[in-house]
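Everything below concerns the one structure shown next.
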Amino acid sequence: MSGLDLLLWAVLPYVALTMFVVGHVWRYRYDKFGWTTRSSQLYESRLLRIGSPLFHFGILVVLLGHIGGLVIPKSWTEAAGISEAAYHVTAVALGTVAGVCTLAGLAILVYRRRTVGPVFTATTRNDKLMYAVLTLTIVLGLAATVLANLAGDGYDYRTTISPWFRSVFALSPRPALMAGAPVLFKLHALSALALFAIWPFTRLVHMLTAPIGYLTRPYVVYRSRDVARTRPARRGWTA
């Protein structure tokens, strides 16, 4: 293990996590009114109706797959009666389909944001960077899955990357586990760390917000105007 491996897999993860946590606290304290998706549905809805469901449902499956693969140890699934072959086939199949859907939805959303004038104008520089890093992360993850598992002999990331991931959160990082991982998996992990680092400063903050306030806020009361009893408006000036 080299010094670069130590820097990338033992130091950089904590830098990214610190920026993720501290950045959200800062954003909530000093930019609370900017904590929004900055919805652009009023500007264009046809492409949004296609791209948004594709992206959001796809990324949800990808997220659940990563939680299952990185957080849940291999021994737990085997104890539950799920064989390694069954887990591998299910993970690769769902991951590939979800990755394609996510990438297709993201491509439509980026095309919409670039070609619809008002939507492009409402896009900040931070969000442009976010779209680039997010696209790179998804492409690298999909490429790693396809090339390693469908086109190659397969790679069992649950014996290396998953234990490294858990060791970071256990505050006992094991960078040696990542030293021998395939290049595509390393690049995918690094791009994900970059995404987490810039996350608090982009529209992605809306993923951490639940609209609980809608359940308790008072109703908005609308009353119709009684035309018969409405007095004529006063003139704004007098002669």
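The values are calculated or read from the model by the stated rules, or taken from the named source; none is laboratory data. Quick caveat: nothing in here was measured; it's all calculated off a predicted structure. Glycine also receives a Cβ, built like all others from the backbone with ideal geometry; neighbour counts cover every protein chain displayed. These area figures cover heavy atoms from the full protein model, side chains too; ligands, DNA and RNA do not enter into them. Shrake-Rupley method; radii C 1.70, N 1.55, O 1.52, S 1.80 Å.
Within the stretch 65-83, the set of residues being touching a helix residue (DSSP H, G or I) at 6+ places or on another chain (Cβ under 9 Å) and without any contact (Cβ under 8 Å) to a residue 12 or more places away in the chain comprises HIS66, ILE72, THR77, GLU78, ILE82, SER83. Of the helices (runs of 4 or more DSSP H) lying entirely inside the stretch 64-145, those containing at least 2 residues that are in contact with a Leu (Cβ under 7 Å, 6 or more places away or on another chain) and either open to solvent by less than 30 Å² (accessible area, probe 1.4 Å) or closer than 23 Å to LEU54 by Cα (or both) are 84-115, 125-145. Quick one: which of TYR14, TYR28 is at pLDDT below 95, surrounded by fewer than 16 Cβ atoms within 10 Å (Cβ to Cβ), assigned to a helix (DSSP H, G or I) and of a type outside the set (Gly, Ala, Ser)? When all the criteria are applied, what remains is TYR28. Just to be sure, is PHE33 in a helix (DSSP H, G or I) and modelled with pLDDT under 85? Yes. Restricting ARG29, ARG46, ARG38 to those that are under 18 Å from the mean Cα position of the chain (by Cα) and not β-branched (Val, Ile, Thr) reduces the list to ARG38. Of the listed requirements (1) touching a residue at least 24 places away in the same chain (Cβ under 8 Å); (2) open to solvent by less than 90 Å² (accessible area, probe 1.4 Å), TYR43 misses just one: (2).
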